[in-house]
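Trainee: This structure is in structure tokens; I'll ask about it shortly.
Quick note: the coordinates plus some simple rules give every number you see, no bench work behind them. If you're wondering where the values come from, they're calculated on a predicted model, not measured in any experiment. In this analysis, Cβ positions are derived from the backbone assuming ideal geometry, glycine residues included, and neighbour counts consider all displayed protein chains.
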Amino acid sequence: MIPTVSAGSKSRVLESRMPKMFRNKSISPGGNINGVLELPGDKSVSHRYAILAALAEGKSEILNYSSAADCKSTLGCLRHLGVEVHQSRERLHITGKGLDGLQLPRRSLDAENSGSTIRMLSGVLAGQPFSSTITGDASLRARPMRRVVEPLRKMGAEIRTLGADCAPLEIHGGTLHSIDYSLPIPSAQVKSAILLAGLYADGVTTVRETVRTRDHTELALREFGATVESLNKSVRIHPRPKLEARQLTVPGDLSSAVFFIAAALILPDSALMLHNVGLNPTRTRVLDFLISIGAAIHLASVQLRDGELLGDVSVKHSVLSGGAIDGAQAAEMIDELPMLAALGSLTEKGIEIRGAQELRVKESDRIATLAAGLQRMGAAVEEFPDGLRVEGRSAGHLRGAKVDPAGDHRIAMALSIVALGAQGGTVIRDADCVAVSYPEFFETLGRLRGEGNK
């Protein structure tokens, strides 16, 4: 009988029932991946639903809200802005304050490790009639904020930063002006910050993109009642809508699904079914790429729910040829690139990624960190300023090693998955960093491998 693994357990919302955290995690190779998996809620969608629910009028109910630490950071900031937030086992209730109801926080807002939180909330804070400060942990304080600060300043917000435009951000909000802004670097977070600030502007605000980025904010804004127009690669937001509370369900997180999809692809005799996965067209390029290099992936039961596409994804073990990713592809798959790059070592011809310099300024320098980890495992890796090439099987077999993900959740998970195809055991240092996006990752991986609660 095929086991079912659910990420919708009490552990997702109750701290006392969070799965055990690991300092170092040992990964044994081999085995297979079999079962049916219900994924935790999509991080990107969860952030946006929570923020808009806080700005709406009435009580919103959000089902399958992400268990990620990043998404909890957003809730923590909203609470300090006077928003009522209540979580039960599988439901999140947020009583909105309306566009003008947020309160002056008594202390600095802490986004912790969440770039989504600090960038998107900056857009909201820019439109408030009070001053606030938002900061984060050491990793977040080292990440670039100029890209979001610059357009908000153009809209009339006064924002002071630390040093080279890094957090903490001291934001003096007020009446904002509408702008027509072209993003110099593709970023759904920056686009979202401008659109959220546009709710408070004196006219229609337009954001233009050279590469289409995730459109979760546009879809969520429409669901809550805002007027948003999308044409080609531009988005227009009309100001001062009356946002109304909603009951919404967050689809399963495709970026988290990719790790288990990769595991099923590389391990013989594997067959995995993932239920209710988000299939937003701005996110599914990763599935298109995997299919193009030989992955046996099939979609079923696709439906539209709350403006988002979702469905079931089936995966079976496959022999992967390898391939190249660059330009717009890299921007569209930015969160999935660490897993795809690592997967290159287990393909026939390897995987090369270019045009992904954005990876240098994530939770870690993901290009350097991933290259170092894979090289310790015996992979042949060539590093570029904007990407890397990971040679395939012909360059030699992976071997188990002790690897350091540098506190980066996606690197830790990617190295854990390729360790399944290595010769000998692997140790992931400081593996508890996976809690940033997927606290249940190791527990879920163990269950799909038939390890029970070991």
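Trainee: Place a point 7 Å from the Cα of Ala395 along the Cα-to-Cβ direction; which residues of segment 256-272 have their backbone N under 19 Å from it?
Mentor: Only 266 fall inside the zone, counting backbone N under 19 Å.
Trainee: Okay, next question. Sort 47-54, 97-104 by the packing proxy (mean of other Cβ within 10 Å over each peptide's residues), most packed first. Before the final figure, lay out each step's value.
Mentor: Numbers: 47-54: 27.9, 97-104: 15.5.
By packing density, highest mean first, the sequence is 47-54, 97-104.
Trainee: Scan around Glu158 for amide H atoms under 5 Å from its own, H built in the peptide plane at 1.01 Å from N, and keep only partners 5 or more places away or cross-chain.
Mentor: His172
Trainee: Here is a further query. By how many degrees, between 0 and 90 and to the nearest 10, does the Cα long axis of helix 409-418 differ from the longest principal axis of the chain?
Mentor: Its long axis makes an angle of about 20 degrees.
Trainee: Where both residues lie in the chain, what percent of DSSP beta bridges are antiparallel, nearest 5? Present the calculation step by step, with values, prior to reporting the outcome.
Mentor: Working: 52 of 77 bridges.
Roughly 70 percent of the beta bridges in the chain run antiparallel, per DSSP.
Trainee: Can you list residues whose amide H is under 5 Å from Ser364's amide H, if they're 5+ apart or on another chain and H is modeled 1.01 Å from N?
Mentor: Close amide H contacts, sequence-distant or interchain: none at all.
Trainee: Quick one: Cα convex hull volume of the chain, Å³ per residue?
Mentor: 123 Å³
Trainee: Note the angle between two axes, namely the Cα long axis of helix 115-125 and the longest principal axis of the Cα atoms of the chain, as a number of degrees from 0 to 90, rounded to the nearest 10.
Mentor: The angle comes out near 10 degrees.
Trainee: Count the net charge of all other residues whose Cβ sits under 11 Å from the Cβ of Gly425, scoring Lys and Arg as +1 and Asp and Glu as -1. Write out the running numbers ahead of the final one.
Mentor: Working: positive: Lys25, Arg399, Lys402; negative: none.
Local net charge: +3.
Trainee: OK, next. Hey, what angle do you get for helix 366-376 against the long axis of the chain, alpha-carbon based, 0 to 90 degrees rounded to 10?
Mentor: 20 degrees
Trainee: If you don't mind, another one. Contour minus end-to-end for Ala271 and Thr161, with contour as 0.36 nm per residue of separation and end-to-end as the Cα-Cα distance? List each step's numbers first, then the result.
Mentor: On the way: separation 110, 0.36 × 110 = 39.60 nm, distance 4.94 nm.
So the extension gain works out to 34.7 nm.
Trainee: Only bridges whose two residues both fall in segment 43-248 count here: according to DSSP, what percent of them are antiparallel, nearest 5? Kindly include the intermediate steps, with their values, before the conclusion.
Mentor: Details: 27 of 36 bridges.
Roughly 75 percent of the beta bridges in segment 43-248 run antiparallel, per DSSP.
Trainee: As a quick test, which of the pairs Lys43/Lys233; Lys72/Lys97; Lys43/Lys362; Lys154/Lys233; Lys97/Lys233 have an alpha carbon distance above 26 angstrom in this structure? Intermediate values should be presented prior to the final figure.
Mentor: Details: Lys43/Lys233 23 Å; Lys72/Lys97 19 Å; Lys43/Lys362 16 Å; Lys154/Lys233 21 Å; Lys97/Lys233 32 Å.
Violating the 26 Å Cα-Cα cut-off are Lys97/Lys233.
Trainee: Only sites in a loop by DSSP and with at most 10 other Cβ atoms within 10 Å count here; which trypsin sites (Lys or Arg not before Pro) in segment 98-199 make the cut? Show your work: numbers first, answer last.
Mentor: On the way: sites: Arg106, Arg107, Arg119, Arg141, Arg146, Arg147, Arg153, Lys154, Arg160, Lys191; in loops: Arg106, Arg107.
Within segment 98-199, the qualifying trypsin sites (Lys or Arg not before Pro) (loop, at most 10 other Cβ atoms within 10 Å) are Arg106, Arg107.
Trainee: Let me ask something else. Can you classify segment 43-248 as rounded, prolate or oblate using the Cα gyration tensor, where a ≥ b ≥ c are the square roots of its eigenvalues, rounded means a/c under 1.5, and otherwise it's prolate if a/b beats b/c and oblate if not? It would help to have the intermediate numbers written out before the result.
Mentor: Details: a/c = 1.36, a/b = 1.10, b/c = 1.23.
It is rounded, given that a/c, with a ≥ b ≥ c, falls under 1.5.
Trainee: In addition: Assuming R0 = 41 Å, what is the FRET efficiency of Ser234 and Ala296, from their Cβ-Cβ distance, to the nearest 0.05? Don't skip to the answer; put the middle values down first.
Mentor: Working: r = 38 Å, r/R0 = 0.92.
E between Ser234 and Ala296, to the nearest 0.05, is 0.65.
Trainee: With +1 on the Cβ of every Lys and Arg and -1 on the Cβ of every Asp and Glu, and nothing else charged, how large is the dipole of the chain about its Cα centre, in debye rounded to the nearest 20?
Mentor: On the way: 53 positive and 50 negative charges, 115 e Å.
Charge dipole of the chain: 560 debye, to the nearest 20.
Trainee: Additional query: If each DSSP helix of 4+ residues adds -39,500 (n - 2.57) and the sum is divided by the residues in the chain, what number results at 222 nm, nearest 500 deg cm²/dmol? Don't skip to the answer; put the middle values down first.
Mentor: Values: 14 runs with 131 residues, N = 454.
The per-residue figure over the chain is -8500 deg cm²/dmol.
Trainee: Moving on to the next point. What's the extension gain from Gln303 to Arg212 if we count 0.36 nm per residue and subtract their Cα-Cα distance?
Mentor: On the way: separation 91, 0.36 × 91 = 32.76 nm, distance 2.23 nm.
Length gained between Gln303 and Arg212: 30.5 nm.
Trainee: Name the residue farthest towards the positive end of the dipole of segment 43-248 from the options Cys71, Val228, Thr95, assuming +1 on Cβ of Lys and Arg, -1 on Cβ of Asp and Glu, about the Cα centre.
Mentor: Going by the Cα projections, it comes out as Cys71.
Trainee: Could you give the length gained on full extension between His177 and Leu104, defined as 0.36 nm per residue of separation minus the Cα-Cα distance, in nm?
Mentor: Working: separation 73, 0.36 × 73 = 26.28 nm, distance 2.18 nm.
Gain on stretching His177 to Leu104: 24.1 nm.
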